[in-house]
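Below is one structure, written out as structure tokens; the observations come after it.
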Amino acid sequence: MQQPSIYPFGIRIDEPVTTLTDLVIAAICFYAFFALRKKKGTHKVYYLIQGYFLCIGFSTLLGGLIGHGFLYAFTPQWKFPGWAISMVGINLIERVMLSFSKSFIRPGYARFFSMVNIVELLVFAYLTFTTLNFAYVEIHTAYGLMIFVLGFSLYHYFKGNHSEMMRYFIWAVFAVIVAFFFFATKIGLGIWFNYMDISHVFLALSAWLFYKGAAVMLEKL
């Protein structure tokens, strides 16, 4: 059952708790973006990781406001910009892991993963735009985080490369996996804290863990 709408100051807000938890994720991402900007650096990773948090911040902001709170005022096509920005964000954190790992892997592997990074974004963006099906965004996110980010993080961790930083990234991805579990199973605590709200809480935790890992990463560059 959908959350009842609320009407603060006469303004209709649908799915208010879901909207709020989306805005919490956005707030954490914007905080991370501005906090990481204070760390001076010239390495490509410095800009890629900031781009990741900025994209995810804007995508969840749009998701909360357009996708949930005020969807009644928009057509379904308005969901796509937020979804597209989210996919770009996932693509950027994949490139973060690739750029950080270039000195640890063979150049041929680096070129291969770089090509895959571009092709998968174009394919999933096309599928999402032509179908307006959120499932493709989920698949792209799952691939990017569980295969790409987690894969590289585990590689570094077991090789003993910057294991403290990689622990943050590994736990961040596990938090996303828990979020996917609640979203897929639709297990909730009631109408006012449903499966999407629980999922958003774990995504907020993931964003914070990624920020902690990114802060350590920039110190190592």
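The values are calculated or read from the model by the stated rules, or taken from the named source; none is laboratory data. Quick caveat, the model's predicted, so the values are computed rather than measured. Positions of Cβ are backbone-derived with ideal geometry, glycine not excepted, and every protein chain shown enters the neighbour counts.
Annotations
- Within region 183-219, the only residue that satisfies the criterion of being surrounded by 21 or more Cβ atoms within 10 Å (Cβ to Cβ) and acidic (D, E) is D197.
- Here is the figure for region 48-80: residues that are without any contact (Cβ under 8 Å) to a residue 60 or more places away in the chain, exposed (fewer than 14 other Cβ atoms within 10 Å of the Cβ) and assigned to a helix (DSSP H, G or I) total 3.
- Within the span defined as region 109-121, one or more residues are of a type in the set (D, E, K, R) and assigned to a helix (DSSP H, G or I).
- Residue count for region 168-221, restricted to those that are of a type in the set (A, V, I, L, M), without any contact (Cβ under 8 Å) to a residue 40 or more places away in the chain and either within 30 Å of Y46 (Cβ to Cβ) or assigned to a helix (DSSP H, G or I) (or both): 10
- Answer from V176, V149, V216 - the residue that is of a type in the set (A, V, I, L, M, F, W, C) and over 21 Å from K102 (Cβ atoms): V176
- Filter result for D22 (acidic (D, E), farther than 19 Å from G213 by Cβ and touching a residue at least 60 places away in the same chain (Cβ under 8 Å)): yes
- Enumeration of residues in region 21-47 that are surrounded by fewer than 22 Cβ atoms within 10 Å (Cβ to Cβ) and in contact with a His (Cβ under 9 Å, 6 or more places away or on another chain): V24
- Qualifying residue in region 134-145 (condition: surrounded by fewer than 18 Cβ atoms within 10 Å (Cβ to Cβ), modelled with pLDDT of 85 or more and not in a helix (DSSP H, G or I)): no
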